[in-house]
């Protein structure tokens with residue numbers, strides 16, 4: 001593995017720090033479009049972290065539009081659009097940061113849901129269904145539910161047909177992942193899985209029905225409930 005990669009301090013937000021190191025290698029040209037990333041096992045050993053952490057880092061890079069993953073083959077660097085947004089602080093979030101994040105997410109994701117209901121294609125519904133199946137994972141695969149949750153929201157952004165939604169959601173994907181992790185730490189796994197599965201299912205059905213108003217309302221409810229799961233009370237006006 002490239003010598004520029006270093007082991008990660010365990011006090012840092014691990015997936016974000018690993019994703020940042022790969023992002024810098026891509027931006028410097030050390031990793032070029034078409035290059036294959038090392039295997040999960042190789043990265044786990046190199047960074048000194050679990051494979052679960054590596055999967056979350058890969059999911060973040062995918063959501064940021066840095067890489068693509070091919071089933072059974074691996075992860076590959078892709079050509080990035082010229083207007084690429086990335087935030088690099090990667091720090092742990094406190095309650096104030098969570099509030100700031102949701103104040104941005106609420107109008108962004110409500111509007112995305114409405115547009116997705118209007119412009120989605122069949123493949124977007126298929127991707128949502130695949131993510132929904134993974135969101136319900138428990139036991140050894142429970143952490144895949146976190147990645148699947150992020151993938152579900154990215155699919156909605158893609159379904160808008162507007163790349164700016166994908167770009168902005170990708171830029172805050174590590175923060176969104178931290179809120180998902182925080183909510184799962186506050187509730188029993190079975191409880192959070194059931195609630196999130198229901199909320200995402202309602203979103204998916206509203207988008208599939210091509211009902212923008214219903215989709216916006218389903219996302220509004222999901223955003224409000226997501227905030228409450230990390231002990232926030234939001235004023236939602238959208």
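The values are calculated or read from the model by the stated rules, or taken from the named source; none is laboratory data. Keep in mind that this is a model prediction, so the values were computed, not measured. Note that each Cβ is placed from the backbone with ideal geometry, even for glycine, and that neighbours are counted across all protein chains shown.
With the checklist (1) within 15 Å of the chain's Cα centre (by Cα); (2) surrounded by fewer than 18 Cβ atoms within 10 Å (Cβ to Cβ) in hand, flag the one item residue 188 doesn't pass. Exception for residue 188: condition (1). Report yes if residue 152 is within 22 Å of residue 67 (Cβ to Cβ), at pLDDT 90 or above and part of a helix (DSSP H, G or I), otherwise no. The answer is yes for residue 152. Against the list (1) at pLDDT below 95; (2) under 17 Å from residue 102 (Cβ atoms); (3) assigned to a helix (DSSP H, G or I), the condition residue 194 fails is (2).
When we screen 24, 62, 10 for residues that are under 21 Å from residue 79 (Cα atoms), at pLDDT below 90 and either in a loop (DSSP other than H, G, I, E, B) or within 15 Å of the chain's Cα centre (by Cα) (or both), the only hit is 62.
Listed by first and then second residue, the pairs linking a residue in region 21-32 that is over 15 Å from residue 60 (Cβ atoms) to a residue that is outside any loop (DSSP other than H, G, I, E, B) and modelled with pLDDT of 80 or more, with Cβ atoms under 6 Å apart and 6 or more places separating them unless they lie on different chains, are 31/25; 31/77.
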